[in-house]
1. How many Cβ atoms of partner chains, on average, are near each residue of B:47-58 if near means within 10 Å of its Cβ?
2. Enter the mean projected area of the convex hull around the alpha-carbon atoms of the stretch A:54-93, in nm², rounded to one decimal.
3. Over the Cα atoms of the stretch B:79-159, what is the Rg over Rh ratio if Rh follows Kirkwood?
4. Using only the alpha carbons, work out the radius of gyration and Dmax of chain B in angstrom.
5. Taking only the alpha carbons of the stretch A:52-120, what extent do you get along each of the three principal axes, in Å, biggest first?
6. Shortest first, in nm, what separates the label point of residue A:108 from those of the same position in the other copies (7 Å along Cα→Cβ)?
7. How big is D, in µm² s⁻¹, for the stretch B:18-77 by Stokes-Einstein at 4 °C and 1.567 mPa s if Rh is the Kirkwood radius over C-alpha pairs?
8. Where Rh is the Kirkwood radius over the Cα pairs of the stretch A:137-176, the temperature 25 °C and the viscosity 0.890 mPa s, what D in µm²/s does Stokes-Einstein return?
C-alpha cells in the first residue's frame, strides 16, 4: 500500500470520526494506523485505528471502519501467566458493526464479504452492534467484523494489546500496520 | 440524597452526553451512578458515571460532570500483588476538565472550589483537558478534578476499578454511589 493511499484512507476515516463527533488531536489523525493485512485491498479488508493508551495492564483504542470494510478472523492466544490472552470489549459509537464470534451460527448472516476471503471465515455467531451496544470477546475466541453501509466506529477497551501475537485463520494475513 | 434528586441529576448528565453525541442505552441512562460522597451537595461535589465494563483485567467508564462540579482528592492504593493500585487514563470527550495531580503546583490554578472543601485539596499540578486531550494517572498519585462552565465528559480507561478501596484526603468523604 502506497503512502499516499494510506493518507487518503486516513482522511476518509477522519470524516467518519467527524460524523461520530469524536475528537482526535492532529497528531493522532496524522499517525492513525491503517492496516491492510498485506492484501492491498483496504476498502474491502483492513481497519483504521488510534491507540489512546496501551500499558502492561490495559489498552483503549478507537477503531474506524469504512463502509463495508471487514477485518479478518483472528483470535488472541495465551501469552504468559500474566497475560492469558487479550480480552476485549467492543462498544459501538457510531454507524453499524456486524461482529462474528464462535458460537451458534446465524442462519442468514448479514455480512457481505468478497468470495476470496470467505473460506477463512469460520465464526458465524452474529452480534449486530449499533451505537450504545457492546460485546466482550474472551481470549482465544475467533472473531471478525464488518462495518455497515456508512462505516462504523468502535471503542475497544481491553487488556494489554500485542497485535503481532494475533493468530489469523487466513495464513495470508500480515498483521502489520501498513503505515503508522 | 433523595431518589428523585438523583433522577434529576441523571437527566442533566444525559443532556450533557447528548451534547457530546455519546449514546447510552436506556438501561445505562436509568442506572447511571450518581455519587455525592455523602455531602448532599451534588451540584458542587460528586460525579455521574456509567461503567461500560469492569473485569479483573481492565475497566472503562464514561464520567459526566455538571458545570463546575468537582470530585474530591483521592488516590488508588496498592491492593495486591496482581493489582498494584488502579492506573487510569482520562480522555476528555467534551467540554472541559481541570485535573489536578501531585506535582509542581500551578501558580494561579483555574479551579473554583467552595471554601469548605479546599483544605483537603493538596495536589495542585494543573492539567487542562479539552476534547482530544488525555492524561494518565499512576497508582497512588493523589488527584481531583473539576468541570468547566458547561460541564464535561471524560472517558476513563483503566486497570480494574475497586472504588471502595479509594483513599480520600477529606475524611468526611463516603465513596458510595448514592443511587445505582
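1. Working: counts 0, 0, 0, 0, 0, 6, 8, 1, 7, 2, 10, 13.
Counting other chains' Cβ atoms within 10 Å and averaging over B:47-58 gives 4.
2. Details: hull surface 14.9 nm².
Over every viewing direction, the Cα hull of the stretch A:54-93 projects on average to 3.7 nm².
3. On the way: Rg = 13.3 Å, Rh = 13.4 Å.
Rounded to two decimals, Rg over Rh is 0.99.
4. 15.1, 44
5. 38, 26, 22
6. So the label point of residue A:108 gives 6.7 nm to the other copies.
7. Working: Rh = 13.0 Å.
After rounding, the answer is 100 µm²/s.
8. The estimated diffusion coefficient comes to 195 µm²/s.
Each value in this text was obtained by applying a stated rule to the coordinates, not by laboratory testing. Nothing here was measured: the structure is a model prediction, and the numbers come from that model. Cβ sites come from the backbone with ideal geometry, for glycine too, and all protein chains shown count toward neighbours.
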